[in-house]
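J.: Dropping a structure here in structure tokens format, bear with me for questions.
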Amino acid sequence: MIEPGLVEALNDSINRLARGASVSDCLRRYPQHAAELERLLEMGQLVRRSQSSIEEAQQARERGQLQFDRALMEPMPGASPVPLQRLAQLAATLVLVLMIFASGAGLLAENSLPGDTLYGVKLITEQARLSLNPGLQTAFEQRRIDEAHQIVGLRREAELTFSGVIDSVQASQIDIAGLTVDTSPLPEREPLVPGQRVEVRAVSDARGRLTARAIRLLEPSPQTDVMSATEAPAATPHPTRQPTREPERPAQSPTVSDRTVDITPSTEASGCTVSPPDGWVAYTVQAGDNLSTLAASSGGSLDEVAAVNCVRDTRIIVAGQRIYLPAQPVRPTDRPTITEEPLRPTATEPPTQGRDAGGQRDRDEGRPQQRREPTEESQRDGESSDGGRGR
Amino acid sequence: MIVLILPDLSAEDDLLARAHRGDHEALREIYTDYYTPIYQFIRMRTNDRHTAEDIAAEVFLKLVRAFRQGKGPRDSLRGWLFRVARHEIYDHYGRGKRFTETVLEEWLPMPDDDAPEAQFIRTMNIETARRAVLQLTDDQQEVLILRFGQMLSLQETADIMGKQVNTIKQLQLRALRALERVLSQTALEVNER
């Protein structure tokens, strides 16, 4: 039988100890129980003292930081609702978009940049359009890149998020989508490799420099599944620590498109780094292109182009792939006949039109890999419409 | 004296509110501020660092996932975290199983200015104490770790363990007596600090 008096006295004493009282204080309060109370409280103190040290816990925490950050980097909707509610939300968003467009703000927002008041409107509008037409994903990704370029050009301070393929990697920076990102603040991690498609969160400063806050791999790199290697091997001394429970391997995030067939032929083994000489321009391979023709029509030799782009097998280039050429290739109307392209035909619009406006319009659907060239359009486009879409 | 301070309750509510709004930074802060208590709890219960790390990591991952699904804790963050930690331990080991003493623990580093013998005794006590705690039942262990180790309130402890307040009061007395019995079987010097 447990004496009620002691039960209460003990409980009260434990509460007091937690608030900083000493054991003696407690004994003074309950002299009638002092003898046993003292022993009991000493036992309790022993439990507290025998806990692992804060240092040990902190080390453990640091070892787990990387994994936690990674899990966190996936986009997190605030209070993401169940599917049914999601429809309601979508409807609400669409109404909002309509209202915004009606008010003209939507159009104004179109050109806004991260940090602008209307930028949020722009993103909302994109979300709404995206849910109607997922094919716009790539176009919107390109927008993020363009915005980043603009922000950098304007020497504006802003937080940027964009996705793209890594062009080259140096000790403390990477080149991606024509931008240079300082990667030195990032914790130790699997080394990045050209050809990897990543999502970059970065901040720009008033000098136009981009510093990475976080980089997330969007697809496994050509040679290794970086994700499985994980767990900052440097940090953990214990071989037994298994990433078996790797929780949702975030490798394929649903929000960023995995649809892009962005295969970069091996930049691997040779350790070749894609680094175009000055003056070379970026070009997105289209269906029907082949490397020798591109090289010829841009004034380069096949060998040189292959070497610069780390292309080992010149037969293998893929629509949507990004390569560098000495100049923009002379346009399709002048191109020699392409041999084996069943893709060409009817379905999609003639390449010239497709070129413009990173896919604002719905035409883009048929060509998910379509990307917009950075700046060189004006040179090339004989006839077309660089659509009304301003930048 | 090991002093552990959990963030105070208003700070906790603040963090929760921000986390519900999708604030990544809040979640990072939660990880930073709450990792240690959770780790310590798990560590005491499992007596193994690596298991404790794994389980602690799982707890915080579950937190992230929960927020992502709109099911993050509404009322008490600490309550949620400790509850999940409890369950993870049971998932890992099953209930009622005595944890086998796995790896011989390292000796804690000695402070320089103490006499070697005193250090040894103090160190051994901690080890002995830990193992003694592990001789208790699951409930007894938990109540002692939560009430004395983490200094949680009676109500918080009751919520975490899914029991009535009165039950906890009885339990803590029984647990302490049981611990005393276990320890009295070994030669023990309790050094008051």
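J.: Here are some residues: A:65, A:51. Which one is crowded, with 16+ Cβ neighbours inside 10 Å, closer than 28 Å to residue B:60 by Cβ and within 7 Å of another protein chain (Cβ to nearest Cβ)?
T.: Within the list A:65, A:51, the selection yields A:51.
J.: Now a separate question. Considering (1) modelled with pLDDT of 50 or more; (2) in a helix (DSSP H, G or I); (3) out of contact with any helix residue (DSSP H, G or I) (no Cβ under 8 Å at 6 or more places or on another chain), say which one residue B:141 fails and leave the rest.
T.: (3)
J.: So, one more: Could you list all residues from the stretch A:3-14 that are closer than 27 Å to residue B:6 by Cβ and touching a helix residue (DSSP H, G or I) at 6+ places or on another chain (Cβ under 7 Å)?
T.: Of everything in the stretch A:3-14, those that are closer than 27 Å to residue B:6 by Cβ and touching a helix residue (DSSP H, G or I) at 6+ places or on another chain (Cβ under 7 Å) turn out to be A:7, A:9, A:10, A:11, A:13, A:14.
J.: Name the residues in the stretch A:8-29 that are surrounded by fewer than 17 Cβ atoms within 10 Å (Cβ to Cβ) and either in a helix (DSSP H, G or I) or modelled with pLDDT of 95 or more (or both), would you?
T.: Within the stretch A:8-29, A:8, A:12, A:15, A:16, A:18, A:24, A:25, A:28, A:29 qualify.
J.: Hey, could you check the stretch A:141-167 for residues that are under 17 Å from the mean Cα position of the chain (by Cα) and among the small types (Gly, Ala, Ser) and say which is surrounded by the fewest Cβ atoms within 10 Å (Cβ to Cβ)?
T.: Out of the qualifying residues, it is A:158.
J.: Might you check whether a residue that is at pLDDT below 90, in contact with a Phe, Trp or Tyr (Cβ under 7 Å, 6 or more places away or on another chain) and not hydrophobic (A, V, I, L, M, F, W, C) occurs anywhere in the stretch B:58-77?
T.: Scanning the stretch B:58-77 turns up no residue that is at pLDDT below 90, in contact with a Phe, Trp or Tyr (Cβ under 7 Å, 6 or more places away or on another chain) and not hydrophobic (A, V, I, L, M, F, W, C).
J.: Moving on. I'm trying to understand the selection: among the residues of the stretch A:100-137, which are modelled with pLDDT of 75 or more, in a helix (DSSP H, G or I) and under 28 Å from residue A:155 (Cβ atoms)?
T.: Answer for the stretch A:100-137, where residues must be modelled with pLDDT of 75 or more, in a helix (DSSP H, G or I) and under 28 Å from residue A:155 (Cβ atoms): A:109, A:110, A:119, A:120, A:121, A:122, A:123, A:124, A:125, A:126.
J.: If you don't mind, another one. Please enumerate the residues belonging to the stretch B:4-41 that are free of Cβ contacts under 8 Å to residues at least 24 places away in the same chain and within 20 Å of the chain's Cα centre (by Cα).
T.: Answer for the stretch B:4-41, where residues must be free of Cβ contacts under 8 Å to residues at least 24 places away in the same chain and within 20 Å of the chain's Cα centre (by Cα): B:5, B:8, B:9, B:29, B:32, B:39.
J.: I'd like to check which strands (runs of 3 or more DSSP E) are fully inside the stretch A:173-255 and have at least 2 residues that are at pLDDT 80 or above and in contact with an Asp or Glu (Cβ under 8 Å, 6 or more places away or on another chain).
T.: A:173-176, A:197-204, A:210-217
J.: Restricting to helices (runs of 4 or more DSSP H) lying wholly in the stretch B:1-98: which have 2 or more residues that are more than 10 Å from chain A (Cβ to nearest Cβ), buried (at least 19 other Cβ atoms within 10 Å of the Cβ) and in contact with a Pro (Cβ under 8 Å, 6 or more places away or on another chain)?
T.: B:9-20, B:77-93
J.: Under the condition of being more than 9 Å from chain A (Cβ to nearest Cβ) and closer than 19 Å to residue A:9 by Cα, which residue from the stretch B:130-155 is surrounded by the most Cβ atoms within 10 Å (Cβ to Cβ)?
T.: Residue satisfying both the conditions and the ranking: B:143.
J.: For the stretch A:21-40, give me each residue that is in contact with a Leu (Cβ under 7 Å, 6 or more places away or on another chain) and within 8 Å of chain B (Cβ to nearest Cβ).
T.: Matches in the stretch A:21-40: A:40 only.
J.: Inside the stretch B:158-170, can you point out the residues that are at the interface with chain A (Cβ under 10 Å from one of its Cβ atoms) and surrounded by 16 or more Cβ atoms within 10 Å (Cβ to Cβ)?
T.: Within the stretch B:158-170, B:168, B:169, B:170 meet the criteria.
The values are calculated or read from the model by the stated rules, or taken from the named source; none is laboratory data. Since the structure is predicted, the reported quantities are computational estimates derived from the model, not experimental observations. Ideal geometry is used to build each Cβ from the backbone, glycine not excepted, and the neighbour counts take in all protein chains shown.
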